[in-house]
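This report concerns only the one structure given below.
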């Protein structure tokens, strides 16, 4: 076994976790369509979303780290990205949810109420054995003197990325699924009738089309578009690492878009800088004009007051210096 192949096996799972965490860190608003899909909510894309702590400790000091949890409109949500089916997943989800609920109760100082988050497992591979729902029985003692136990069913829905077509993803704005769609190919490429390069190129054209439509319709902005392109590129490079002929055809499709997007982002940034400089100059000009107006108004008020003082003196009324200054000050204050 050479060093390169060993390293690739060690990082195979890590790259998909990295993609999930990058998506949620760089574009947290894009989790809202996933919440809507998993829990039949109806959040708009501008709903306020707050990321919560995802590192906890058990009483024995062992560390528990969930993938991500959020608060939206005072509701708690928890998602785990899962590469393959895990027989212990329901138990692990309960453990994560327990810590999230405990942390929330302490934060709100509501130790008389224990609210579990709405949780979901996102399966990113095309394995049809991935369950559509996870369940675990929880038994609690009753308040009588018998040994009877009260049963509760802890249930967690799952979302299987590869159940969704490009049309579904576009319609439901589930753009965070796009990098994972490349995972349709590892098993297909090992069959007797693997997909052709033309079929794979068509697939990438469709995927890029979904992304481009979302950008044109302003579902995402330039930074989010670029993040998704970068992650699609990482997924593509990883999946087709050992398929040089496919990489030769597919790599440029994403790389060229990234180059074009980088140029576009640079131009947009330059344009924003120019607009900001223009706004700054206009603001400075307005400030100078206001200052000049203020000075002119002050001078006019003082001149009018001096004329009034001279008129008073003509009637033989003597004013002290303090009275004169008070009249001038009052005139200026009235103008302001």
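Some observations on this one:
- Cut-off 12 Å (backbone N to label point 7 Å along Cα→Cβ of residue 60), residues of region 71-110: none
- Between residue 110 and residue 136, the simple spin-label model (points 7 angstrom out along Cα→Cβ) gives 2.3 nm.
- Taking all Cα pairs closer than 8 Å and separated by 6 or more residues, the relative contact order of region 86-149 comes to 28 percent.
- Relative contact order of region 33-97, taken over Cα pairs closer than 8 Å and 6 or more residues apart, is 23 percent.
- Here each label is just a point 7 Å from Cα along the line to Cβ, and for residue 168 and residue 88 those points are 3.0 nm apart.
- Length gained on full extension, residue 44 to residue 14, computed as 0.36 nm times the residue gap minus the Cα-Cα distance: 7.7 nm.
- Antiparallel DSSP beta bridges within region 13-163, percent to nearest 5: 70
- Gain upon complete extension [residue 22, residue 326; 0.36 nm per residue less C-alpha separation]: 102.9 nm
- Normalising the average separation of contacting C-alpha pairs (under 8 angstrom, six or more residues apart) by the number of residues puts the relative contact order of region 13-163 at 18 percent.
- Alpha carbon centroid spacing (whole Å) that separates region 129-143 from region 157-176: 26
Readers should treat all values here as calculations from the given coordinates under stated rules, not as data from a laboratory. Source: prediction; values computed, not measured. Glycine also receives a Cβ, built like all others from the backbone with ideal geometry; neighbour counts cover every protein chain displayed.
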